[in-house]
Amino acid sequence: MADSVSESVRINASPAEVMAVIAELEDYPNWSSEFTAVEIVSAHDDGAARDVAFSISTPVGKDTYELAYDWNGNESVSWVLNTDEAGKPKSSMMKKLHGSYTLTADGDGTLVTYELEIDPKIPMMGFMKKKAAATIVDQALNGLKKRIEG
């Protein structure tokens, strides 16, 4: 069973500036410690990343997984874990991964909300899955804020 979490942070930058950093997927290893490599597999007609392979190293293990992205201007971006031709997730550690960033103008800044639903293949008690998802969201938002604000 998947667990979902949602968290928000205010960043002192416009939605366009925040989305520009989010969209630089290949830069993630420079500001988010769990990513070791990112490869754009395919792009939408407008050049935005569509399918992206991520390599990660976490205390639980290493994984390479592929996400499919759906971009909505400077308002939001969402992603889901891709599957292969047989319908199996393209990940050795996750059965399900779905997430999104939603950006809302907030005065001279932006309220960034990150929602994540994750179901790891590794058997875990419910509260541990929720804690793992919350840690991922917290680290991503803090890393994004630090990357933009310095």
Listed residues Ile148, Val52, Ala133: farthest to the positive end of the dipole of the chain (Cβ charges): Ala133
In Å², nearest 10: area of Val9 left accessible to a 1.4 Å probe: 30 Å²
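Can you tell me the relative contact order of the chain? Whole percent, Cα pairs under 8 Å, sequence separation 6 or more.
Working: 301 pairs, mean separation 45.3, N = 150.
Result for the chain is 30 percent.
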Low-density loop cleavage sites - GluC sites (Glu not before Pro) in the stretch 14-72, where at most 16 other Cβ are within 10 Å (DSSP): Glu24
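Divide the volume of the convex hull of the Cα atoms of the stretch 60-140 by its number of residues and quote the answer in cubic angstrom per residue. It would help to have the intermediate numbers written out before the result.
Working: hull volume 8.4 nm³, N = 81.
About 103 Å³ per residue, rounded to a whole number.
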Globularity index of the stretch 1-142, i.e. its alpha-carbon radius of gyration over 2.2 N^0.38 Å: 1.03
Where Rh is the Kirkwood radius over Cα pairs, Rg/Rh for the stretch 1-51: 1.02
Dipole of the chain [Lys/Arg +1, Asp/Glu -1 at C-beta], most positive-end residue of Gly99, Pro120, Thr36: Pro120
Heavy atoms of Asp51: accessible area, 1.4 Å probe, square angstrom to 10: 30 Å²
The chain - charge dipole about Cα centre, Lys and Arg +1 at Cβ, Asp and Glu -1, debye rounded to 20: 740 debye
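Relative to the present Cα-Cα distance, how much length would full extension add between Glu39 and Ser92 at 0.36 nm per residue of separation? Show your work: numbers first, answer last.
Working: separation 53, 0.36 × 53 = 19.08 nm, distance 1.72 nm.
Once the chain is fully extended between Glu39 and Ser92, it gains 17.4 nm.
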Overall dimensions of the stretch 28-103 by Cα: Rg and Dmax, Å: 12.8, 37
Per residue solvent-accessible surface (Å²) - the stretch 32-72, probe of 1.4 Å: 54 Å²
Cα pair count fraction exceeding 18 Å, expressed as % - the stretch 74-117: 44 percent
Rounded accessible area of Ile148 (nearest 10 Å², 1.4 Å probe): 40 Å²
Linear extension gain, Ala20 paired with Val80, 0.36 nm per residue minus alpha-carbon span: 19.6 nm
Carbon + sulfur, % of accessible area of the chain - ligands and nucleic acids excluded, 1.4 Å: 51 percent
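Taking 27 Å as the cut-off for C-alpha to C-alpha distance, list the pairs among Lys88/Lys146; Lys62/Lys96; Lys90/Lys131 that go past it.
The pairs that break the limit, which is 27 Å between Cα atoms, are Lys88/Lys146.
The values are calculated or read from the model by the stated rules, or taken from the named source; none is laboratory data. Quantities reported herein were computed from a predicted structural model and do not represent experimental measurements. Here the Cβ is made from the backbone with ideal geometry for all residues, glycine too, and neighbour counts use every protein chain on show. Ligands, DNA and RNA are stripped out before the accessible areas are found, and what is left, the full protein with its side chains, is counted by its heavy atoms. Shrake-Rupley method; radii C 1.70, N 1.55, O 1.52, S 1.80 Å.
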